[in-house]
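First up is the structure itself, then whatever we jot down about it.
Nothing in this text is a laboratory measurement; each read-out follows from the coordinates by a stated rule. The structure displayed is predicted, hence computed values, not measured ones. Ideal geometry is used to build each Cβ from the backbone, glycine not excepted, and the neighbour counts take in all protein chains shown.
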Amino acid sequence: MIVAVAGGKGGIGKTTVAYNLGAALDAVVVDADLGMADLPHGRGPDLHDVLAGGAAATEALRGGPVTILPCGRSLAGARAADVRELADTLRRVDAERGDVVVDCPAGLRADVGVPLAVADICVLVASPRRFALADAVRTRELARELDAGVAGVALNRTTAADDPPVDVFRRVLGAPISTVPADPRVGRSVEAERPVVTTAPESDAADAVRSLADGVRRAKRSR
Amino acid sequence: MTRPLRGMKSDWSVNTLDGHSVTLVTVDIRNPSPVDRRVRVSNCLDGPVMPPRRAGVPAPGWNENGFEGVVPAEGRRTLGYACPAPPRRLPVSVVDAGRTDDDGADAVDAVTDAVRELGDPRPPSDAVPMPGPTVDASEATEAESEKQTATVPPAVESWLTAVEDRIERGERLTDASVVSATDALDSEDCGDVSDLSRRVAADATALEAVAARAATLEERAAAVDVPVDALRRLP
């Protein structure tokens, strides 16, 4: 199963949600942000090399608490990468390694469209603010057009003061909402490669990630 | 020129671009019948089809041989493509492939569609530093070396990077002052250090072997001269 983690706006924590969701689902997390990669990058080939035909997808996988397919960070690499190859790459990783969570870039261009087109379902990430709803709806429309149903919505980095508009989001988007609290352990989890579901399993953040993962599993079963 | 075509009619015209060995082919197909008809347009010039593209993706219906699509009932369809070859008397063949079936024969590929409709996400080429003829000497060397790294296969590159890393660690400990050696040792795992000089020595041997092999292969590669044209003329 391929799960796309998308949300039109940048800097709202798509990568953090994708990484932690990947841990909860025991999936490979693919950093599909071809222009501004976020997931830790080691040595060796990366997604840029794979999309430019220079390496096989499985060669670029990088082990750890969560298996990652990292992406390069150079403009030249982003320029040489053919986004159409991303579809085959995701399908291949899915076939060979089981579930795949794709961390999509911001915006609504083809680098979001291609993962959504091959994804079975998607998870939307949004700021816990009313004005973020417009962006979430736009991304949902694209996902719908490309036949990727919404398995859940993460309202990311909520604080007690926020009073997140959960009901409005649920009503408009028609999908279960998980509020991921602004927990510093979540913020650090990607760089430290310490997913909250394993390092802080009792936390509210881990609960939220697990509820997203449950939504994904339910959507998978009902397909 | 008009050619009769079971029910359909087509005209073609060719244009050559001055100073470029490229031919632009235009085909105008008319379907006077009261049903939609499928048509197959194949390039007859001696070169690949360069179809119209959106966001780098060929427009719907185009492939490397030409175009396949539907001409609506009592309608017309005008197509055009480029081909890097000289023009000739009959640049295209148009085949009437019969009535269209209503089973959605124009299967859509969601991925190709997404790229075509949403636009190429790659950074514009102007944003990518490229070695050009106008850069000055120091920049040129830098760009050149970057370009060379880029063409090294990933597996070799990752091995070389690992070797470079070990050599750099070794260099920091070579002829170091007490202070800098202490600093360097601070950032090393002490168990590693005894092992480091042995590994760097092994790296040196391996690098020498690779250099020798690479030089031999380079000579052989340079001597290769496949008579492409002659071979192409073989039946």
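In table form, for the structure just shown:
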item	result
Under 16 Å from the Cα of A:Lys14 - aspartates and glutamates, other chains or at least 8 residues apart	A:Asp31, A:Asp33, A:Asp38, A:Asp103, A:Asp111, A:Asp135, A:Asp183, A:Glu191, A:Glu193
Pairwise centroid distance, computed over Cα atoms, of segment A:115-155 with segment A:43-74, Å	26
Under-5 Å amide H pairs with A:Val125, H placed in peptide plane, nonlocal only	A:Ala6, A:Gly7, A:Ala154
Amide H contacts of A:Val150 (H built 1.01 Å from N, under 5 Å, at least 5 apart or other chain)	A:Cys122
Cleavage-rule hits, trypsin sites (Lys or Arg not before Pro), segment A:130-191, DSSP coil, Cβ neighbours within 10 Å at most 14	A:Arg130
Antiparallel bridges, percent of DSSP beta bridges restricted to chain A (to nearest 5)	5
Amide H contacts under 5 Å for B:Ala73, placed H, 5+ residues apart	B:Asp36, B:Arg37
Cβ-Cβ FRET estimate between B:Glu218 and B:Ala155, R0 fixed at 22 Å, reported to 0.05	0.75
Other protein chain Cβ atoms within 10 Å, averaged over every residue that makes up A:73-85	5
Net charge of Cβ neighbours under 10 Å - reference B:Ala55; Lys, Arg +1; Asp, Glu -1	+3
Integer Hz, Karplus 6.51/-1.76/1.60 couplings in order for segment A:12-22, x for Gly and Pro	9, x, 4, 5, 4, 5, 4, 4, 5, 5, x
For segment B:213-235 versus segment B:1-64, the gap between their alpha-carbon centres in whole angstrom	37
Theoretical FRET efficiency, 1/(1+(r/R0)^6), r = Cβ-Cβ of A:Phe131 and A:Ala200, R0 30 Å, to 0.05	0.50
Convex hull (Cα only) mean projected area of chain A, reported in nm² to one decimal	10.9
Test item: A:26-35 mean partner chain Cβ contacts at 10 Å	1
Ordering of A:18-29, B:89-100, A:194-205 by packing [mean C-beta count within 10 Å, highest first]	A:18-29, A:194-205, B:89-100
Relative packing of B:7-18, B:111-122, B:219-230, which averages over residues the other C-beta atoms within 10 Å, highest first	B:111-122, B:7-18, B:219-230
Reciprocal of mean inverse Cα separation for the protein assembly as shown (Kirkwood radius, Å)	26.4
Cα-based equivalent ellipsoid, segment B:1-91: semi-axes from gyration tensor eigenvalues, Å	24, 16, 10
Virtual paramagnetic centre 7 Å along Cα→Cβ of B:Val22, amide N under 16 Å, in segment B:70-103	B:80-87
Estimated vicinal HN-Hα couplings, Hz - segment A:112-124 in sequence order (Karplus 6.51, -1.76, 1.60; Gly, Pro = x)	9, x, 5, x, 5, 5, 8, 5, 7, 8, 9, 10, 8
Calculated from backbone phi, Karplus (6.51, -1.76, 1.60) coupling profile of segment A:67-84 in Hz, x at Gly/Pro	6, 10, 10, x, 10, x, 10, 9, 5, 5, x, 5, 6, 7, 6, 9, 4, 5
